[in-house]
Amino acid sequence: MPEQPYEPEGVIAGTGMGGAMDLGASEATTLEQGPGGPPGGGPAGRPRSLWSDAWRDLRRNPVFLLSALVILFLVFISLWPSAIASGSPLSCDLAKSQDGPGPGAPFGYDGQGCNVYTRTVYGARTSVTVGVLATLGVAVLGSVLGGLAGYFGGWWDALLSRTTDIFFAIPVVLGGLVLLSVVTSNTVWPVIGFMVLLGWPQISRIARGSVITARQHDYVQAARALGASDSRILLRHIAPNAVAPVIVVATIALGTYISLEATLSYLGVGLKPPSVSWGIDISAASPYIRNAPHALLWPSGALAVTVLAFIMLGDAVRDALDPKLR
């Protein structure tokens with residue numbers, strides 16, 4: 001009688017404690033795959049990364065969705081302000097000075113007879129432009145300097161640490177009053193340059209700490225043992241795993257830079273007329289707060305909502321990217 005092939009009824013799986021347990025074939029396959037299904041943890045066997053998990057959490061976070069909608073609306077009116085506001089923000093009529101809301105002017109008129117609604121809409125372009133460009137400049141400069149210091153260490157790290165200590169000792173508003181008071185340009189570039197000059201030390205310290213942590217991981221040591229160059233290790237292995245804290249801090253700082261631009265413009269050293277800015281409008285409306293409070297209320301409210309939206313967005317991104325909060 002021919003010999004039948006042997007079909008095992010069970011397999012012996014190690015328990016990890018020096019013993020073993022008898023499993024059926026189906027149970028052993030399930031154990032190999034893990035509780036999440038196929039190996040990899042993601043749908044169709046695809047591995048799930050920190051970014052995919054973060055995006056999944058963000059889509060379910062109402063704070064992120066609300067703040068993202070507000071920011072998308074701000075970006076829209078910054079690019080196409082004429083879509084919701086007719087007329088020019090520089091067109092004023094002194095005969096309508098301090099008038100209340102009326103046809104074509106739902107927010108009323110300011111002390112110069114300018115349409116507050118039109119100026120508030122066009123003021124979003126300046127604030128968003130300054131905030132985004134300053135944040136990009138700060139993030140790039142701070143990440144590069146801090147990342148190099150954290151990776152190489154030595155005298156470069158010591159020099160960067162002492163330099164950041166000097167910049168942290170400079171009061172931001174006082175520094176703006178001193179540095180921008182000698183600038184006569186009406187463009188946004190002097191304000192952006194000032195923010196980048198005083199804002200990069202914070203990002204550099206965050207990047208430095210992230211790179212130092214990532215540099216000690218096993219995959220970095222393995223890449224170095226295989227002969228990978230420093231540039232390849234930094235760009236391919238360390239940067240993708242150290243950029244999350246920088247993104248969180250930069251997102252929150254964006255709202256701070258918008259508020260700083262308005263503060264400097266209010267003090268008269270930031271943007272200057274005929275530029276359209278919420279800070280300029282708030283400064284111009286302050287003397288008329290008793291007779292025309294609407295001229296102060298709307299640009300101030302737009303500034304507060306914008307800053308709050310970016311701060312809420314940064315908090316939501318931080319919660320999604322921080323593994324300790326999972």
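Can you name every residue in segment 166-178 that is surrounded by fewer than 10 Cβ atoms within 10 Å (Cβ to Cβ) and either closer than 13 Å to Gly270 by Cβ or of a type in the set (S, T, N, Q) (or both)?
none
Does Val140 fit the bill of being of a type in the set (A, V, I, L, M) and open to solvent by 20 Å² or more (accessible area, probe 1.4 Å)?
Numbers: of a type in the set (A, V, I, L, M): yes; open to solvent by 20 Å² or more (accessible area, probe 1.4 Å): yes.
Yes; evaluated as a whole, the condition is true for this residue.
Testing Val269 on (1) free of Cβ contacts under 8 Å to residues at least 24 places away in the same chain; (2) not in a helix (DSSP H, G or I), one condition comes back false. Which one is that?
The single condition Val269 does not satisfy is (1).
Which residues, counting only those in segment 85-104, are touching a helix residue (DSSP H, G or I) at 6+ places or on another chain (Cβ under 6 Å) and aliphatic (A, V, I, L, M)?
Ala85
Hey, could you check segment 57-85 for residues that are of a type in the set (D, E, K, R) and under 18 Å from the mean Cα position of the chain (by Cα) and say which is most open to solvent (accessible area, probe 1.4 Å)?
Restricting attention to segment 57-85, the residues satisfying the condition of being of a type in the set (D, E, K, R) are 57, 59-60.
Of the ones still in play, those that are also under 18 Å from the mean Cα position of the chain (by Cα) are 57, 59.
Values: Asp57: 52, Arg59: 128 Å².
Result: Arg59.
When you go through Ile166, Ile192, Ile206 one by one, which is the residue that is touching a Leu at 6+ places or on another chain (Cβ under 6 Å) and not charged (D, E, K, R)? It would help to see each step written out before you state the result.
On the way: Ile166 fails: touching a Leu at 6+ places or on another chain (Cβ under 6 Å); Ile206 fails: touching a Leu at 6+ places or on another chain (Cβ under 6 Å).
Testing whether each residue is touching a Leu at 6+ places or on another chain (Cβ under 6 Å) and not charged (D, E, K, R) leaves just Ile192.
Is there any pair linking a residue in segment 309-326 that is surrounded by fewer than 17 Cβ atoms within 10 Å (Cβ to Cβ) to one that is modelled with pLDDT under 85 and among the acidic types (Asp, Glu), with Cβ under 9 Å and at least six apart or on different chains, and which?
Here the result reads Pro323/Asp53; Leu325/Asp319; Arg326/Asp53; Arg326/Asp57, each pair linking segment 309-326 to a residue that is modelled with pLDDT under 85 and among the acidic types (Asp, Glu).
Give segment 179-219 a look and list any residue that's open to solvent by 80 Å² or more (accessible area, probe 1.4 Å) and in a loop (DSSP other than H, G, I, E, B), or say none.
Answer for segment 179-219, where residues must be open to solvent by 80 Å² or more (accessible area, probe 1.4 Å) and in a loop (DSSP other than H, G, I, E, B): Val182, Thr184, Gln216.
Would you please list the contacts, defined by Cβ atoms under 6 Å and residues six or more apart or on different chains, that run from a residue in segment 113-139 that is under 23 Å from Ile289 (Cα atoms) and among the polar types (S, T, N, Q) to a residue that is assigned to a helix (DSSP H, G or I) and open to solvent by 10 Å² or more (accessible area, probe 1.4 Å)?
Sorted first by the residue in segment 113-139, then by its partner, the pairs are Thr120/Trp298; Thr120/Ala302.
Could you go through segment 305-316 and let me know if any residue there is modelled with pLDDT of 90 or more, over 21 Å from Met195 (Cα atoms) and hydroxyl-bearing (Ser, Thr, Tyr).
no
Name every residue in segment 108-136 that is assigned to a loop (DSSP other than H, G, I, E, B) and buried (at least 20 other Cβ atoms within 10 Å of the Cβ), in order of residue number. Steps first, please.
Residues of segment 108-136 that are assigned to a loop (DSSP other than H, G, I, E, B), as a first pass: 108, 110-113.
Answer for segment 108-136, where residues must be assigned to a loop (DSSP other than H, G, I, E, B) and buried (at least 20 other Cβ atoms within 10 Å of the Cβ): Gly108, Asp110.
Mind listing just one residue for me: the one in segment 220-236 that is assigned to a helix (DSSP H, G or I) and of a type outside the set (A, V, I, L, M, F, W, C) and, of those, surrounded by the most Cβ atoms within 10 Å (Cβ to Cβ)?
Initial filter on segment 220-236 (assigned to a helix (DSSP H, G or I)): 220-225, 230-236.
Now drop any that are not of a type outside the set (A, V, I, L, M, F, W, C), which leaves 221, 224, 230-232, 236.
Numbers: Gln221: 12, Arg224: 15, Asp230: 12, Ser231: 8, Arg232: 13, Arg236: 12.
Selected residue: Arg224.
Take the residues of segment 86-95 that are small (Gly, Ala, Ser) and open to solvent by 80 Å² or more (accessible area, probe 1.4 Å): which is nearest to the chain's Cα centre (by Cα)? Spell out the reasoning first.
Going residue by residue through segment 86-95, those that are small (Gly, Ala, Ser) are 86-88, 91, 95.
With open to solvent by 80 Å² or more (accessible area, probe 1.4 Å) added as a condition, the list becomes 86, 95.
Values: Ser86: 32, Ala95: 44 Å.
If we take residues in segment 86-95 being small (Gly, Ala, Ser) and open to solvent by 80 Å² or more (accessible area, probe 1.4 Å), then Ser86 is nearest to the chain's Cα centre (by Cα).
The values are calculated or read from the model by the stated rules, or taken from the named source; none is laboratory data. As the structure is a prediction and not an experimental result, all values here were calculated from the model. Counting neighbours? That spans all protein chains shown, and the Cβs are built from the backbone with ideal geometry, glycine included. The protein model used for the area step is the full one, side chains on, heavy atoms only, and it has no ligands, DNA or RNA in it. Shrake-Rupley method; radii C 1.70, N 1.55, O 1.52, S 1.80 Å.
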